[in-house]
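In what follows, a structure is listed as structure tokens, so that the remarks can point back to it.
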Amino acid sequence: MIKKTETSGWRQARRRSARDAIVEAAWALVRDEGLAGLSLRDLARRAGISPPTVYAYFDSKNAIYDAMFGAAAAQFAGPIFPTESLSWRFCVPSEFTIHRA
């Protein structure tokens, strides 16, 4: 029984890591091409995966946008409203963060 839990935890961590990589690649693509230039084919290429694999992690381009902006919102709100519910594993690239004086 423990082995199954360990395997399940490993799979969840791997899936979370893959989602994070896709979102990071999406931010890089948006930085280079603009939000309108975010195509799933280019995103998959930049993330080093195939386009169908993107759909294994996200239902649509809107789901990718939701993950991107959810991460940005969590990063913004984190210092203001610290809570465990806002714990995102990935960070928005520094080009998209708010710098406080």
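The values are calculated or read from the model by the stated rules, or taken from the named source; none is laboratory data. Please read these numbers as outputs of a predicted model, since none were measured by experiment. We place every Cβ from the backbone using ideal geometry, glycine too, and count neighbours over all the protein chains shown.
For the stretch 27-41: of the residues being part of a helix (DSSP H, G or I) and either hydrophobic (A, V, I, L, M, F, W, C) or under 15 Å from the mean Cα position of the chain (by Cα) (or both), which is farthest from Arg15 (Cα to Cα)? Before the answer, list the steps.
Going residue by residue through the stretch 27-41, those that are part of a helix (DSSP H, G or I) are 27-33, 35-37, 40-41.
Retained after the next criterion (residues that are either hydrophobic (A, V, I, L, M, F, W, C) or under 15 Å from the mean Cα position of the chain (by Cα) (or both)): 27-31, 35-36, 40.
Working: Trp27: 19, Ala28: 20, Leu29: 21, Val30: 23, Arg31: 24, Leu35: 25, Ala36: 27, Leu40: 18 Å.
Checked the stretch 27-41; the qualifying residue farthest from Arg15 (Cα to Cα) is Ala36.
Applying a threshold of 8 Å to beta carbon distances and a minimum spacing of six or more residues, or different chains, the list of pairs starting in the stretch 27-47 at a residue that is under 20 Å from Ala72 (Cα atoms) and ending at one that is in a loop (DSSP other than H, G, I, E, B) reads Trp27/Val92; Trp27/Pro93; Ala28/Pro93; Leu29/Leu38; Val30/Leu38; Arg31/Pro93.
Let's see how each residue does on (1) of a type in the set (A, V, I, L, M); (2) modelled with pLDDT under 85; (3) outside any helix (DSSP H, G or I); (4) surrounded by 16 or more Cβ atoms within 10 Å (Cβ to Cβ):
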| site | (1), (2), (3), (4) |
| --- | --- |
| Lys3 | no, yes, no, no |
| Arg15 | no, no, no, no |
| Ala25 | yes, no, no, yes |
| Leu43 | yes, no, no, yes |
| Thr53 | no, no, no, no |
| Gln75 | no, yes, no, yes |
| Ile98 | yes, yes, yes, no |
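Modelled with pLDDT under 90 and out of contact with any helix residue (DSSP H, G or I) (no Cβ under 8 Å at 6 or more places or on another chain): does that describe Ser60? Here the answer is no, as Ser60 does not meet what is asked.
Just to be sure before I move on: is Ser87 surrounded by fewer than 17 Cβ atoms within 10 Å (Cβ to Cβ) and either at positive phi or modelled with pLDDT of 90 or more (or both) in the structure I sent? Walk me through it before giving the result.
On the way: surrounded by fewer than 17 Cβ atoms within 10 Å (Cβ to Cβ): yes; either at positive phi or modelled with pLDDT of 90 or more (or both): no.
It is false that Ser87 is surrounded by fewer than 17 Cβ atoms within 10 Å (Cβ to Cβ) and either at positive phi or modelled with pLDDT of 90 or more (or both).
The set of residues in the stretch 27-41 that are of a type in the set (A, V, I, L, M) and loosely packed, with under 13 Cβ neighbours inside 10 Å comprises Leu35, Ala36.
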